[in-house]
Amino acid sequence: MSFVYNNEVIDLLLKKSLGSAYTSSALVPGQENQILPKILNQQLLASPITNKTTSAFTWSASSNVAGGGTVKSLSNVAGETEPTSFTYIKKYENIPMTAVAGTNYRAWKPSNVDMIGKLENTIIGKSSFPFTLTTNITNYNTIYNTNSSFKPVISNGVLLFLGNIAPDSSSTISFTEVHIYEGEFGAKSELELNELTNVNVPTPSNGELLQWDAANSRWIAGAAASSAIANANIEALNNVNVSHATTNQDDSLIYDKANSQWVAGTPVTTLEGLSDTTITTPSDKQSLVYNASNTKWENTNLTTTNITDINLTSVANGQALVYDSGTSKFVNGLPTMNINNVSDVNISNAADKNVLIYDTATQKWINGLPVLNVNDINDVNTSGLIDGQVLVYDNNTQKWVPGSAAASSVTGVYLRDLQDVDMTNIAQVVPVWTQTHKLVATTGEDNENLGKSVSTIGTWTAVGAP
């Protein structure tokens, strides 16, 4: 049994697979009538489709499309008022198609699922925006949208072949080109004034207004309307009630809410003139305080009693404001004066004559004995110090340095005058020595050095000379 082409069978297949309301049956008028310029997927296009011919078109460079093919934008239409405003019209080329299962190869969809949604907005009914197909069908390598044998139609993002000839399982189909609208739909959210059909303001100048051109039945930009407003009088406005004859110098326009109009009057220039203030003989340093009982701002002397988080009781001389966390208020009193309250001081078991020493490890001042080292003093240099030396002031370096002090250079100073020497009861501590014998060199000549060496053993003493 061979399959015989039947319009009704094809209709049923298409409806079942696509859910389409269109049909090729002669019983129900529909998509087989391919000229539907006013209906496109039951939507209104917010931007216009140009009526210019293809010779006026300039297309942008192409870019790749996911799934295969390329796309271009209509970048310029010669002869249009806004020639560069049609970039929402796209030309897709070499778009691969795949047969829709269950349609006997009469329905094809783009291989890329994103292209199905785009194909729903194919521009139809415009001769400047046709679509063309490339196939491997013998004698039909190129199929135009006007081909009467195949009757190709784009409906709801699907390519339908409604003619007496249709592709088969061995066929490959792709769009050579198809034009798609990618602008806004419905009421345009950012409509420009010059896009209105009865408005012509392609290049308005600064300060121009819109005025009606009766000769051409359209609105145009012009200086005449601007001049008319510039020469208008404020008295002519409907909601303004002023007279130049009674208006005073420096008067302002003040809104009269009772009469819903603007009137001339003296503006409020002081706080006293405001309706919600009561100013009575203001004095120096007074403040404006809100009085909730009469809903007015009043001038008064601001004191601590006016501040809600301060509680003063029997203030005494020298007291300060101290925060009391128990009452969440500032109260009068003496603050805790303790060096250990300072955050970078740590006092632990302070002893007599302790000092505060900075501890770099804890970055705090701690109590203790200072490092008592003569060489730590800035104006002392003990380099080269040897046994028995004293500190002698050096005028050249302005420092105390090791050296020998000449006894003759120190006069009028006694041991008892030193602060760290106690001479009390010195007689009981140091015995009194008296001379009983004297050893003298027999020759008595110079440089004999008698007494260079002395040794005592028991009651014997030996004195030698070199």
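The values are calculated or read from the model by the stated rules, or taken from the named source; none is laboratory data. Model, not experiment: these values are computed from the prediction. Please note: Cβ atoms are built from the backbone with ideal geometry, for glycine as well, and neighbour counts cover all protein chains shown.
Details
- Residue list for the range 80-121, filter: among the aromatic types (Phe, Trp, Tyr) and over 16 Å from THR172 (Cβ atoms): PHE86, TYR88, TYR92
- Any hit, the range 224-235, residues being at pLDDT below 85 and of a type in the set (Asp, Glu): yes
- Per this entry, TRP433 is not counted among residues that are exposed (fewer than 11 other Cβ atoms within 10 Å of the Cβ), over 25 Å from VAL374 (Cβ atoms) and modelled with pLDDT of 75 or more.
- Strands (runs of 3 or more DSSP E) (entirely within the range 257-314) containing at least 1 residues that are under 30 Å from THR246 (Cβ atoms): 261-265
- Complete set of residues in the range 39-51 that are loosely packed, with under 15 Cβ neighbours inside 10 Å and either modelled with pLDDT of 90 or more or over 24 Å from ASN156 (Cβ atoms) (or both): ASN51
To keep it simple, each residue is scored yes or no on (1) within 40 Å of the chain's Cα centre (by Cα); (2) assigned by TED's automatic domain parsing to the domain that holds SER62; (3) β-branched (Val, Ile, Thr); (4) modelled with pLDDT of 90 or more.
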| position | (1), (2), (3), (4) |
| --- | --- |
| VAL100 | no, yes, yes, yes |
| ALA107 | no, yes, no, yes |
| ILE124 | no, yes, yes, no |
| PHE150 | no, yes, no, yes |
| THR197 | no, no, yes, no |
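- Selected residue (criterion: nearest to ILE180 (Cα to Cα)) from residues of the range 73-82 that are at pLDDT 90 or above and surrounded by fewer than 20 Cβ atoms within 10 Å (Cβ to Cβ): SER73
- The listed residue being over 30 Å from THR280 (Cα atoms), out of contact with any Phe, Trp or Tyr (no Cβ under 9 Å at 6 or more places or on another chain) and surrounded by 13 or more Cβ atoms within 10 Å (Cβ to Cβ), out of ASN341, ASN332: ASN332
- Test: ALA26 is assigned to a loop (DSSP other than H, G, I, E, B), among the aliphatic types (A, V, I, L, M) and modelled with pLDDT of 90 or more: no
- Of residues in the range 395-412 being out of contact with any Ser or Thr (no Cβ under 9 Å at 6 or more places or on another chain) and surrounded by 13 or more Cβ atoms within 10 Å (Cβ to Cβ), the one modelled with the highest pLDDT: LYS399
- The set of residues from the range 446-463 being modelled with pLDDT of 75 or more, loosely packed, with under 10 Cβ neighbours inside 10 Å and part of a loop (DSSP other than H, G, I, E, B) is empty.
- When GLN286, GLN261, GLN249, GLN319 are screened for being surrounded by fewer than 12 Cβ atoms within 10 Å (Cβ to Cβ) and free of Cβ contacts under 8 Å to residues at least 40 places away in the same chain, only GLN249 passes.
- Considering PRO130, PRO167, the condition of being in a loop (DSSP other than H, G, I, E, B), more than 23 Å from THR50 (Cα to Cα) and in the same structural domain as PRO96 (by TED's automatic domain parsing) is satisfied by PRO167 alone.
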